[in-house]
Each structure stands twice: as structure tokens, then as C-alpha cells.
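Notes for the one structure printed next.
The values are calculated or read from the model by the stated rules, or taken from the named source; none is laboratory data. Owing to the predicted nature of the structure, the values given are computational and were not obtained by experimental measurement. Here the Cβ is made from the backbone with ideal geometry for all residues, glycine too, and neighbour counts use every protein chain on show. Quick note on the areas: whole protein, heavy atoms, side chains included, nothing else; ligands and nucleic acids left out. Shrake-Rupley method; radii C 1.70, N 1.55, O 1.52, S 1.80 Å.
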Amino acid sequence: MRYLGEQEVEDIAMGAAVMASGGGGNPYVGILIAKQCVADNGPIPLLTLDELPYDARVAVSMGLGAPTVLVEKVPAGPEPVYALEALEREVGHTFDALIPSEAGGWNSLHPMLPAAQRHIPLLDADGMGRAFPELQMVTWSMYGQSASPIGVADERGNTLLMHAATNKCGEDLCRGATVEMGGNISLACYGMTGAEAKAHSVAGTYTLCENVGRILRRAREERSNDISELRETLGAVELFRGKVEDVERRTVGGFARGLVHLEGMDAYKGGVLDVRFQNEFLIAERNGEVVCTAPDLIAMFDSETLTPITGEALKYGCRAIVLGIPCAPQWRTPEGLATVGPAVFGYEGVEFVPVEERCKQ
């Protein structure tokens with residue numbers, strides 16, 4: 001076991017903003033809340049999956065909603081605890097460890113709040129190895145784990161308890177609650193044993209995010225925009241460098257949906273890149289040809305500072321480096337692609353090809 005202090009929390013948030021593929025919530029909001037929570041309650045214990053007992057009781061703590069809302073409706077802080085308490089009342093016991101649903105600037109930090117306040121450990125793992133927009137788009141669901149019962153809460157202390165027939169039904173019901181409760185809510189769900197968490201989670205997510213965040217912090221300190229170490233760490237390929245010329249963005253049904261259009265600079269001058277998103281960046285087309293699709297990651301960085309650019313922060317004039325990053329291996333299986341492949345997001349005619357192979361072609 002090791003402990004996460006304020007610097008570790010900040011590095012994790014910035015690294016998670018990369019692994020979130022444009023979604024997962026604003027990292028700066030999460031950093032402020034999580035660092036204050038650590039200052040108030042002390043460092044947070046972090047367990048690897050190997051250290052977790054097989055009979056431990058584990059729950060997922062996560063936020064749900066449109067990342068655009070987080071910019072204006074900043075989380076108050078207690079809502080993750082409210083959601084966890086709602087789940088505990090239903091199942092009749094407390095939990096021995098918490099795990100994030102995904103890598104995201106806010107969602108990676110979300111379980112830190114109840115973990116710090118309850119003095120229970122986090123697991124160095126998650127259910128995606130990146131971020132996806134829907135509740136059922138996790139490895140636990142792919143392996144048959146039920147999300148229900150689901151504790152739901154907002155910042156005012158309003159709580160709901162849901163039992164859904166399927167995890168997709170749980171997504172639809174919670175998404176409806178999200179719209180009614182202000183666009184962003186907290187959930188506690190996917191109650192599981194330590195054995196199930198070991199078998200079905202993506203391991204090492206917090207450690208990877210921390211390493212990526214540390215690389216970005218060093219780059220800022222050295223005023224460097226060299227992406228070579230980042231590419232090596234993530235196995236990433238460069239997709240494009242360009243200036244944002246247009247952003248179409250709307251918040252619909254609890255999602256931020258849209259398209260960003262970039263015009264090339266440097267070696268890509270004369271070219272264009274279009275990236276479509278639903279909270280997360282899902283498909284990138286360079287000069288009309290697909291170069292990266294979900295479940296592989298599409299990440300954008302400020303070309304001068306290497307600061308990660310999330311979907312809600314995109315605006316005209318941003319100069320960005322765009323990378324394609326291989327996803328967790330679980331998603332490249334037939335079961336994984338049936339859960340989060342291009343067709344799931346409406347891109348019926350697009351076949352998934354690993355980003356490293358597309359770019360070789």
C-alpha cells in the first residue's frame with residue numbers, strides 16, 4: 001500500500017485528463033476539490049489489485065453527466081458520499097475499498113472524496129482504462145457484473161436508489177435523473193467482491209495516470225513541448241498538428257455532443273482533421289480518412305505547453321497536437337468491440353483497426 005498526497009493527486013488528475021480522450025470532466029475543478037479533501041483528511045491509501053483480499057467488498061464511485069456542466073456547476077463535494085450512503089443503506093453493509101469507473105480529470109478524483117473522508121483505500125484500477133460516456137461501457141458490465149443497486153445523489157442531498165433490469169437500463173434511468181438534477185450527479189454502483197474486481201478490472205490506472213501527469217509537469221517546468229517521452233510511455237502515434245477553426249458543441253440528453261475541425265500546421269499544413277465527440281473524442285478523420293476510432297483514445301494537447309485539452313475547453317484558435325493511444329487490451333476483443341466499438345456510437349460503416357496499424361497503412 002502507498003499513499004496519495006496533494007502532488008500525487010494533481011499528477012493523477014492531469015494524466016487522467018489525457019487518458020480520458022477528451023472527456024471525464026475538467027481536471028482543474030477536480031484538483032481543487034481533491035487537494036482540499038487530502039489537506040482536510042490526510043493522504044489517501046492506494047491498493048493494487050494484488051493487495052486486495054478476495055472477500056473484500058468493493059464499490060464504484062463515479063460522476064455522471066455532461067462535462068460542459070462541470071465548468072459552471074462546480075461539484076460541492078459531499079455528493080459522492082451521499083451516493084455511497086444511499087447504496088450502503090440498500091445493501092446493508094459498508095465497503096472496504098472504492099474504485100473509479102474510468103480515467104478522467106474529475107472521475108478519477110471522484111472516489112477520492114469518500115475514500116479520504118471514510119479513511120478507506122482506493123484501488124489502483126478502473127473499469128475502462130480511459131473514459132467512455134455511458135454507465136454500461138465498463139469491463140465489469142462486459143463480464144456480466146450488474147451495476148445495480150445504484151445510489152444516486154446531487155449536491156443538495158437529494159438521493160435516489162435504482163434497481164435496473166440491465167446496465168443499459170441503469171444508464172438510461174440515471175441519465176434521466178442527471179437532466180432533472182442539474183446536468184451532473186454522483187453514483188455509487190457495481191458492488192462487487194475483491195475476487196470480481198481482480199478478475200474484471202483494468203489494472204494500474206492510477207499509476208499510469210500519475211506517470212503521465214508527472215511527464216506533463218516536468219514539461220511545464222522545463223518549458224518544453226517535446227512529446228517523445230509521452231509517446232513512448234503510452235505507445236502513442238501522432239495523428240495531427242493544427243489550429244482549431246470551428247467547434248460545434250451542444251449539451252443534449254445529459255451528453256456534450258459535437259465536432260471539432262482543425263486545419264493543419266507545420267508538417268500537416270494544407271490538411272484538415274475532424275474529430276467527433278460524445279463527451280469523449282470518438283472518431284478522428286484526417287483529410288476525409290479515418291485515422292483513429294474508439295475504443296482507442298484520441299488525446300489533444302496545447303502545442304506550446306502540452307496541457308491536455310478536454311472537449312469542453314476546445315475553442316477557436318487552440319493550437320493542438322493530436323495523439324492516438326492504444327486502448328486497454330480488453331476492448332480489442334470481440335466482446336469489447338460489441339460494448340464500445342465504433343458501431344455502438346453510430347458509426348456503422350467504420351471497422352475498428354488498431355490506431356498503430358491504421359497509421360502504418
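Numbers for the structure displayed
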item: Residue, farthest from CYS292 (Cα to Cα), within the range 5-15, restricted to residues that are surrounded by 24 or more Cβ atoms within 10 Å (Cβ to Cβ) and touching a Pro at 6+ places or on another chain (Cβ under 7 Å); result: ALA13
item: Qualifying residue in the range 331-342 (condition: open to solvent by 40 Å² or more (accessible area, probe 1.4 Å) and among the hydroxyl-bearing types (Ser, Thr, Tyr)); result: yes
item: Restricting the range 1-34 to residues that are modelled with pLDDT under 90 and either of a type in the set (Ser, Thr, Tyr) or more than 19 Å from the chain's Cα centre (by Cα) (or both), the residue that is nearest to SER101 (Cα to Cα); result: TYR28
item: The range 296-329, residues that are in a helix (DSSP H, G or I) and either more than 16 Å from the chain's Cα centre (by Cα) or without any contact (Cβ under 8 Å) to a residue 12 or more places away in the chain (or both); result: PRO329
item: Positions within the range 70-103 being of a type in the set (A, V, I, L, M, F, W, C), in contact (Cβ under 8 Å) with a residue 60 or more places away in the chain and part of a loop (DSSP other than H, G, I, E, B), in sequence order; result: ALA76, PHE95, ALA103
item: GLY336 assigned to a strand (DSSP E or B), small (Gly, Ala, Ser) and within 22 Å of the chain's Cα centre (by Cα); result: no
item: Residue that is most open to solvent (accessible area, probe 1.4 Å) [pool: residues in the range 25-56 that are in contact with an Asp or Glu (Cβ under 6 Å, 6 or more places away or on another chain) and under 22 Å from THR310 (Cβ atoms)]; result: LYS35
item: Checklist (1) of a type in the set (D, E, K, R); (2) more than 30 Å from GLY182 (Cβ to Cβ); (3) at pLDDT below 95; (4) in a strand (DSSP E or B) applied to ARG257, failing item; result: (2)
item: 3 or more residues of a type in the set (A, V, I, L, M, F, W, C) and crowded, with 16+ Cβ neighbours inside 10 Å: qualifying helices (runs of 4 or more DSSP H) within the range 135-245; result: 167-180, 205-221
item: Test: ARG130 is of a type in the set (D, E, K, R) and either on the phi > 0 side of the Ramachandran plot or crowded, with 24+ Cβ neighbours inside 10 Å (or both); result: yes
item: Conditions (1) small (Gly, Ala, Ser); (2) free of Cβ contacts under 8 Å to residues at least 60 places away in the same chain; (3) buried (at least 22 other Cβ atoms within 10 Å of the Cβ); number of the one not met by GLY258; result: (3)
